Amino acid sequence: MNTELINQLGSQFGANGLPYAIPIHPNLVHLTLGLFIVAIGFDFVGVFFVLEKPLFKFMAIPAARSNFFDVGWYNMIAASIITFFTVGAGFYEILLASPDRTVRSAWGLQAMETMIWHGIGGVLLLALIVGMTVWRGVQRFVWRKDLARQVQWSYLIAGLFIFAIMFAHGTLGAQLASEFGVHITADRLLRMGKDIDLNRLLQ
């Protein structure tokens, strides 16, 4: 009965192995990355505002130091919220994945190993981003609420360290798509021995 249910559900999936046309996880990943990078980037701009102020004045840009820290704070909150959905969508799509098990990635990992490490990395990054948001909030409202520079250097350095983890984690995700064909329509059709209309796929 379980096999029949699985086959019945599988028949409702599209050529990419999902019940919807476009994978959700990769799109949310880029939203998480963008929000986090903007958050740390604007905090860096706020820290170096004293050096940049003449440039803003020359370009007639009415900028206040607190504005950059506001952008950093609100983007970090948004990154925390969206990352819960990013990780949730990632685990859902991993459960539906049927990767090519005969291939090894450029890192020498098989599909299952890559998915496991990518899943662990997703949970780790979620915890780190939430932790950074709490840390950022404590700095903003408690530790440095009366100071012009709203963030500590240790916070910014931690942000750069998380960038490195994101790069490694993102590489694993890219390998799942490009090397193992996870939820890639053309790859799955070719493995099923079906002809594909490249012009149609590119439209």
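The values are calculated or read from the model by the stated rules, or taken from the named source; none is laboratory data. Since the structure is predicted, the reported quantities are computational estimates derived from the model, not experimental observations. Heads up, the Cβs are rebuilt from the backbone with ideal geometry, glycines too, and the neighbour counts pull from every protein chain shown.
Numerical summary
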{"quantity": "From the options 110, 152, residue that is of a type in the set (S, T, N, Q), without any contact (Cβ under 8 Å) to a residue 60 or more places away in the chain, surrounded by 14 or more Cβ atoms within 10 Å (Cβ to Cβ) and within 15 Å of residue 40 (Cα to Cα)", "calculated": "152"}
{"quantity": "Test: residue in the stretch 144-155 that is assigned to a helix (DSSP H, G or I), modelled with pLDDT of 85 or more and closer than 20 Å to residue 27 by Cα", "calculated": "no"}
{"quantity": "Restricting the stretch 1-58 to residues that are in a helix (DSSP H, G or I) and in contact with a Pro (Cβ under 9 Å, 6 or more places away or on another chain), the residue that is modelled with the highest pLDDT", "calculated": "56"}
{"quantity": "Tally of residues being exposed (fewer than 14 other Cβ atoms within 10 Å of the Cβ) and outside any helix (DSSP H, G or I) across the stretch 82-102", "calculated": "2"}
{"quantity": "Options 123, 138, 130; residue that is buried (at least 16 other Cβ atoms within 10 Å of the Cβ) and at pLDDT 95 or above", "calculated": "130"}
{"quantity": "Test: residue in the stretch 109-120 that is at pLDDT 90 or above and in contact with a His (Cβ under 8 Å, 6 or more places away or on another chain)", "calculated": "yes"}
{"quantity": "Residue satisfying condition, being closer than 30 Å to residue 79 by Cα, exposed (fewer than 13 other Cβ atoms within 10 Å of the Cβ) and at pLDDT 55 or above, within set 167, 180", "calculated": "167"}
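Residue by residue, here is whether (1) among the hydroxyl-bearing types (Ser, Thr, Tyr); (2) within 30 Å of residue 116 (Cα to Cα); (3) in contact with an Asp or Glu (Cβ under 8 Å, 6 or more places away or on another chain) holds:
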residue: 131; (1), (2), (3): no, yes, no
residue: 135; (1), (2), (3): no, yes, no
residue: 138; (1), (2), (3): no, no, no
residue: 142; (1), (2), (3): no, no, no
residue: 146; (1), (2), (3): no, no, no
residue: 150; (1), (2), (3): no, no, yes
residue: 157; (1), (2), (3): no, yes, no
residue: 160; (1), (2), (3): no, yes, no
